[in-house]
Amino acid sequence: MTATEMSESQPVLAVRDMHVRLPHRAGIVHAVRGVSFDLHRGETVCVVGESGCGKSMSAMAILNLLPRGARREAGAISFLGEDVLNAGERRMSELRGDRIGMIFQEPLTALNPSLTIGEQLMEVFRRHRPNRKGEARERAVDMLTQVGIPDPRERLSQYPHQLSGGLRQRVVIAMALMCEPTMIIADEPTTALDVTIQAQILRLLIDLKDRFGLALLLITHDLAVASRVADRIVVMYAGEVVEEAETAAFFAAPRHPYARGLMGCLPSAQAHGSGAPLQIIPGTVPSLIGEISGCAFRERCPEAEPACRSDVALRDLGGRSARCVHAGLEEAVA
Amino acid sequence: MSAKPSVLSVRHVSKTYRLTAGMMAPVRQINAVNDVSLDLREGEVLGLIGESGCGKSTLSRLLLGLEAPSAGDVFLNGRPISSLSRKEIARVLQPVFQDPYSSLNPRETVEQAVSRPLQVHGIGDRAAIRRKVAETIDAVGLPRRALASYPSQLSGGQRQRVAIARALILEPRILICDEPTSALDVSVQAQILNLLSELRRSANISLILISHNLQVVQFLADRVAVMYVGKIIEEGPAAQILRAPAQAYTRRLLASALDIAPGKGIPLLDNEVAAVA
C-alpha cells in the first residue's frame, strides 16, 4: 500500500490536538500538548521519547485511563470512525480488552496474583462475549498456543507467580488477543525483561500483529527497537510531537535537532576504541508546569535562533513533519 | 598482555546460599557465584555482562567486601579483603549503584552527602573538606549551586553525578559501577558514560562496569567477562569478545542487543524454538 492509499483509507485510530493536564502542588502540568497522529490497519507506529515526554500519558489518554484529577481535551479521538472522545467511560470499558488490546510494561501488575492464568484469560472473553461463554476455555488454550506457551492446558491452572517474567508477558499478550482486537496499545512491553527475553517477546508481538492484521501503537524509549519494527515513528519531547516520519526516512535523516541529538547519544553511535566522547544533549527538559511558549527544545538546541522564541508549528515536509523553524530548509541548501 | 599490576584479584570465589522452603522441605543450595577468578588491572575498565540472576550483583557484593565468599578470596592490592577493615576497603574501592533515587539520603543536601565520607574517615579540617567537596563537584560536572540542594530537587542524571562525586571524594583507585546508567534516559546516560570515561583517563581509576547493556559495555570496557549461571564463561579483550565470541550464550546475548536497523525486524535467536522463557 502506498502512502497516499494509506492516508485515504480510514485510520483505525485518529488523534487530533490532544491535551492532558494534571494538577500538581506547584501548578498545572501540561503533560501532553496538542498531540495528533493516525494509526492504520496493519501498521505499527512507534511513539518514542524520553521519560516525561508524554508518550505514556498519551496512550493512557487514548484509553481513558488517566490518573485521577487529570484532564483530557482534544479536537478529536476516533477509533474505527467512532468518536471515543465523547463516548464516555462505559463505552471505553467495552472497547478496552475487546477491540483494543493493552499490554503494559510490568506483567506482574497487569495480572491478578490471586487468580489462575485460565480464570483471567476466560474472564476477559466472558465479559466481552457473554453469549459465547462456553467457548472461553478453548479460546484461552488457543491464545496461549498462539503466544508460544508450551503445555497451554496445564498452564490454565497456574498462578502468575509460577511463571517467569517472559512467560507472564506472553500471558498478558494472550489476554490482549482474547477478543480478536483491531488495535493493540503496548507501552514499553519489554522494558522490565532481560535482553534475550526482550527480543523474543518483541518478535512474538510483531509476528502476531502480522498474523492478525492488527494496528499496533508501540510506546518505547528504545530507538533501536523502534527502527526495527515501526512503519512510522512519532517523536515526542516535552509533551509535543516534534517529528513524525516513515521509519527509513526518519533514521536516514531526522529533521528535528532533538531527534538528531538522541541518536548521537547512543553508545553504538560511537565507533569502538575511538576514545571520542559521546555526543550529549546539554541541559535538561523544561518544566511542564504552566504554559510553555516557543520551541520547548530551544534552550538545549545547537541551532536555536531568536525565531525559536515564537511558537513553532509542525511543518509539513511532504510525507513527514517536524516542529522546527529550520525544518525543510536543509533541502533548499543542499 | 598488559604489564600493569592487578589492583583487584578474585581467586576461585564461590558464594552459596541455602534456601529452606519450610520445616519439612529439603534444603536447596543456590550457587550464586561459582568458582570465579578475575583480575582488574590498574587504569582498566573491566565490563561484567550477564542477565538477571547470573550472579553479577552477588559478585559485586563480594568484591565490595559486603559479603564474605563461601570459598576463595578477593585480594585488594595483593591483600586479602577479609583482612581489611571497612574503612580500609572504602579508601581504595567505592561503589556506584544503579538507582540514584534510592542510593542518596533524601534528608541530606548534596554537600552533606558528598562530604560525609571525609568526615567518617576524619580527613581534613572544615576548610579542607569544603575545598575538596567543591573540587569533586566540579569534576563530576555539577554546578556549585547544587551543593545546597536536596536529592528531590535534582534530575536523575544529576543525582547519579552526586553518587559518583561521593564515591570519588576519598580518591579511590577502583570504582565498582553496578548498572550505573540503566535507570537513566539515553541523553543522560551519554553524559554519565562520558564522565566515567573521562575519570578513568584523568584520574587513572580502574572500573568494574557491571551491566546488561552491551552497548554501554562496548563504549567503556577494555576487557569483558561474560557471566552465566554463576560462572564466568568467557573473558577477553572487549573488541574480541564483542566481535567474535566463542560461547553460544555470548552470541545469543550479542544477537539480542539490538542496534538501529530500519525495517530489519527482530532477529530469531539460536535455540529460541527450544527455549521459550
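The values are calculated or read from the model by the stated rules, or taken from the named source; none is laboratory data. Note that the structure is a prediction, hence the values are computed from the model and not measured. Methodologically, a virtual Cβ is constructed for each residue, glycine included, from the backbone with ideal geometry; neighbour enumeration extends over all protein chains shown.
Tell me, yes or no, whether segment A:169-177 has at least one residue that is within 30 Å of A:Arg132 (Cα to Cα), charged (D, E, K, R) and touching a helix residue (DSSP H, G or I) at 6+ places or on another chain (Cβ under 8 Å). Yes, segment A:169-177 contains at least one residue that is within 30 Å of A:Arg132 (Cα to Cα), charged (D, E, K, R) and touching a helix residue (DSSP H, G or I) at 6+ places or on another chain (Cβ under 8 Å).
In this structure, B:Val217 does not qualify as within 12 Å of another protein chain (Cβ to nearest Cβ), modelled with pLDDT under 90 and either closer than 24 Å to B:Ile260 by Cα or surrounded by fewer than 21 Cβ atoms within 10 Å (Cβ to Cβ) (or both). Pairing each residue of segment A:57-68 that is on the phi > 0 side of the Ramachandran plot with any residue that is hydrophobic (A, V, I, L, M, F, W, C) and surrounded by fewer than 18 Cβ atoms within 10 Å (Cβ to Cβ), provided the two are 6+ apart or on different chains, yields C-beta distances under 6 Å for A:Asn64/A:Met92. Residue count for segment A:265-277 satisfying the condition of being within 22 Å of A:His326 (Cβ to Cβ) and either facing another protein chain (nearest Cβ under 8 Å) or modelled with pLDDT of 95 or more (or both): 1. Screening segment A:1-40 for residues that are at pLDDT below 95 and in a loop (DSSP other than H, G, I, E, B) and picking the one that is nearest to A:Glu243 (Cα to Cα) gives A:Thr2. Evaluation of A:Arg99 against the conditions (1) buried (at least 17 other Cβ atoms within 10 Å of the Cβ); (2) touching a strand residue (DSSP E or B) at 6+ places or on another chain (Cβ under 6 Å); (3) not hydrophobic (A, V, I, L, M, F, W, C) shows that the sole unmet condition is (2). A single member of B:Val27, B:Val45, B:Val13 is β-branched (Val, Ile, Thr) and closer than 23 Å to B:Leu199 by Cβ, and it is B:Val45. Remark: B:Ile232 falls outside the filter, which requires a residue to be of a type in the set (Val, Ile, Thr), without any contact (Cβ under 8 Å) to a residue 60 or more places away in the chain and more than 7 Å from chain A (Cβ to nearest Cβ). None of B:Ala148, B:Ala127, B:Ala139 is out of contact with any strand residue (DSSP E or B) (no Cβ under 9 Å at 6 or more places or on another chain) and under 22 Å from B:Ala203 (Cα atoms) except B:Ala139. Close Cβ contacts (under 7 Å, 6 or more residues apart or on different chains) running from residues in segment A:300-320 that are in contact (Cβ under 8 Å) with a residue 12 or more places away in the chain to residues that are hydroxyl-bearing (Ser, Thr, Tyr) and assigned to a loop (DSSP other than H, G, I, E, B) comprise A:Asp311/A:Ser293. Taken over segment B:25-60, residues that are hydroxyl-bearing (Ser, Thr, Tyr) and modelled with pLDDT of 90 or more amount to 3. The residues of segment B:141-177 that are within 14 Å of another protein chain (Cβ to nearest Cβ), out of contact with any Ser or Thr (no Cβ under 8 Å at 6 or more places or on another chain) and closer than 23 Å to B:Glu44 by Cα, listed by number, are B:Gly141, B:Arg161. List the number of the failed condition for B:Ile208; all other conditions in (1) out of contact with any Gly (no Cβ under 6 Å at 6 or more places or on another chain); (2) buried (at least 23 other Cβ atoms within 10 Å of the Cβ); (3) under 25 Å from A:Tyr237 (Cα atoms) hold. Only one criterion in (1) out of contact with any Gly (no Cβ under 6 Å at 6 or more places or on another chain); (2) buried (at least 23 other Cβ atoms within 10 Å of the Cβ); (3) under 25 Å from A:Tyr237 (Cα atoms) is unmet by B:Ile208, namely (3). A:Ile62 passes every criterion in (1) modelled with pLDDT under 95; (2) not in a loop (DSSP other than H, G, I, E, B) apart from (1).
For segment B:132-155, a residue qualifies if it is crowded, with 19+ Cβ neighbours inside 10 Å, in a helix (DSSP H, G or I) and touching a residue at least 40 places away in the same chain (Cβ under 8 Å), and exactly one does: B:Pro151.
When segment B:144-182 is filtered for residues that are more than 24 Å from B:Arg91 (Cβ to Cβ) and of a type in the set (Gly, Ala, Ser), the ones remaining, listed by number, are B:Ala146, B:Ala148, B:Ser149, B:Ser152, B:Ser155, B:Gly156, B:Gly157, B:Ser182.
Filtering A:Ser78, A:Ser36 for residues that are under 27 Å from A:Leu223 (Cβ atoms), in contact with a strand residue (DSSP E or B) (Cβ under 8 Å, 6 or more places away or on another chain) and of a type in the set (S, T, N, Q) leaves a single hit, A:Ser36.
B:Leu254 meets each of the listed conditions (1) more than 7 Å from chain A (Cβ to nearest Cβ); (2) closer than 26 Å to B:Val7 by Cβ; (3) among the hydrophobic types (A, V, I, L, M, F, W, C) apart from (2).
With A:Leu266, A:Leu262 as the choices, which residue is in contact (Cβ under 8 Å) with a residue 60 or more places away in the chain, closer than 16 Å to B:Gln215 by Cα and surrounded by 20 or more Cβ atoms within 10 Å (Cβ to Cβ)? Unique residue meeting the criteria: A:Leu262.
Selection of segment A:285-334 for residues being more than 18 Å from A:Val32 (Cα to Cα), at pLDDT below 90 and assigned to a loop (DSSP other than H, G, I, E, B) yields A:Gly328, A:Ala334.
Restricting attention to segment A:222-244 and to residues that are of a type in the set (Gly, Ala, Ser) and under 15 Å from the mean Cα position of the chain (by Cα), the residue that is surrounded by the fewest Cβ atoms within 10 Å (Cβ to Cβ) turns out to be A:Ala224. The residues of segment B:178-194 include none that are of a type in the set (Asp, Glu), within 14 Å of chain A (Cβ to nearest Cβ), surrounded by 21 or more Cβ atoms within 10 Å (Cβ to Cβ) and under 14 Å from the mean Cα position of the chain (by Cα).
Only one of the numbered conditions (1) closer than 15 Å to A:Val172 by Cα; (2) at pLDDT 95 or above is violated by A:Leu108, and that is (2).
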